Amino acid sequence: MDSRRLAYLHALDIDVWERRGLSNAPDSVVDVAAPSPVAARAESVAEIIPIRTVSDAPSTAHVDQLGWDELAATVKACQRCPLHQTRTQAVFGVGNREARWLVIGEAPGADEDRQGEPFVGRAGQLLNSMLKAIGLAREQVFIANILKSRPPNNRDPRPEEVQACIPFLYRQIELIDPQLILCVGRIAAQTLLSTDTPIGKLRGKLHHLAPTRPGAKSRPMIVTYHPAYLLRSPAEKRKAWGDLVLAMQTFEQLGSAAS
Ligand code: SF4
């Protein structure tokens, strides 16, 4: 395993050891000390939690028709909810528009609001390390939030703000057509799964994001902790690593099934 990947795993507080006699083997998830029986978690891959139905989804009639550039311009100028009054700028999202992985968080914080990009600052650096630990560069994925404008003082999003903003995320999902969604944090998970189940019970299993409009696909989704939470609660990094292992396994299984 190369030194850079080791550093990313250390950022997640993951112990690493070398396999004897397999020095030429490719890096794999068994190189690291997964925090709990990964096999047991893998068995839960088939679990599907029923979530929001199409009829519950907010109207996306206009946004549904937009291409990337029009969508970005619409978000930039958006005044659909009062958050436009307090933001510095809307944070559209960043990354590969044809990514196979889509990372979804909650909302911009102070750094993101200032820089116009999601997941910057310390939490962003930890997210980058989490992605690198499973072999993904930030540039390979697309990163977006439920809300595109920062709630003042980083308060939780209000239902009416989510209702106003989520059509933009749904359109991003349609345009990207990702193979797997990695949902980070309680707010994003509970919003997308239309549940108040604690994140500790949502992580560690495969969910499916329901179709966001009639005729759309459901999307495989794995939930994990938000990197900002992991910075405050480093003991939970091992669970997050388990979620990343599950995400990687799920992604590989989906790829095999499709080929
Ligand atoms: S949070 Fe979303 S809906 Fe509200 S102003 Fe920003 S972009 Fe528009």
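Couple of notes before you dig in:
- Search result, residues across the range 182-218 that are outside any loop (DSSP other than H, G, I, E, B) and touching a strand residue (DSSP E or B) at 6+ places or on another chain (Cβ under 8 Å): Leu182, Cys183, Val184, Ala188, Ala189, Leu192, Ile199, Leu202, Leu206, His207, His208, Leu209
- The range 214-230, residues that are crowded, with 16+ Cβ neighbours inside 10 Å and over 19 Å from Trp241 (Cβ atoms): Ala216, Arg219, Pro220
- Count - residues of the range 80-97 that are closer than 11 Å to Arg150 by Cα, open to solvent by 30 Å² or more (accessible area, probe 1.4 Å) and within 8 Å of the ligand (Cβ to nearest atom): 3
- Filter result for Glu139 (under 15 Å from the mean Cα position of the chain (by Cα), at pLDDT 95 or above and surrounded by fewer than 16 Cβ atoms within 10 Å (Cβ to Cβ)): yes
- Count - residues of the range 219-236 that are free of Cβ contacts under 8 Å to residues at least 24 places away in the same chain and either in contact with a Ser or Thr (Cβ under 9 Å, 6 or more places away or on another chain) or in a helix (DSSP H, G or I) (or both): 3
- Residues in the range 154-181 that are in a helix (DSSP H, G or I) and either in contact with a Leu (Cβ under 9 Å, 6 or more places away or on another chain) or at pLDDT 95 or above (or both): 18 in all.
- Residue match in the range 143-151 (condition: open to solvent by less than 50 Å² (accessible area, probe 1.4 Å), at pLDDT 95 or above and more than 11 Å from the ligand (Cβ to nearest atom)): yes
- Exclusive hit being within 11 Å of the ligand (Cβ to nearest atom), within 14 Å of the chain's Cα centre (by Cα) and open to solvent by 20 Å² or more (accessible area, probe 1.4 Å), set Ala77, Ala107: Ala107
- Scanning the range 120-141 for residues that are within 13 Å of the ligand (Cβ to nearest atom) and either in contact with a Pro (Cβ under 8 Å, 6 or more places away or on another chain) or of a type in the set (Lys, Arg) (or both) turns up nothing.
- Among residues that are over 28 Å from Glu139 (Cα atoms) and at pLDDT 50 or above, Gln79 is included.
- Filter pass, Ile166 being aliphatic (A, V, I, L, M), within 16 Å of the ligand (Cβ to nearest atom) and either open to solvent by 20 Å² or more (accessible area, probe 1.4 Å) or in contact with a strand residue (DSSP E or B) (Cβ under 8 Å, 6 or more places away or on another chain) (or both): no
The values are calculated or read from the model by the stated rules, or taken from the named source; none is laboratory data. Everything quoted here is computed from the prediction, not taken from an experiment. Don't worry about glycine lacking a Cβ; one is built from the backbone with ideal geometry, like all the others, and counts go over all protein chains shown. SASA here: full protein model, heavy atoms, side chains in, ligands and nucleic acids out. Shrake-Rupley method; radii C 1.70, N 1.55, O 1.52, S 1.80 Å.
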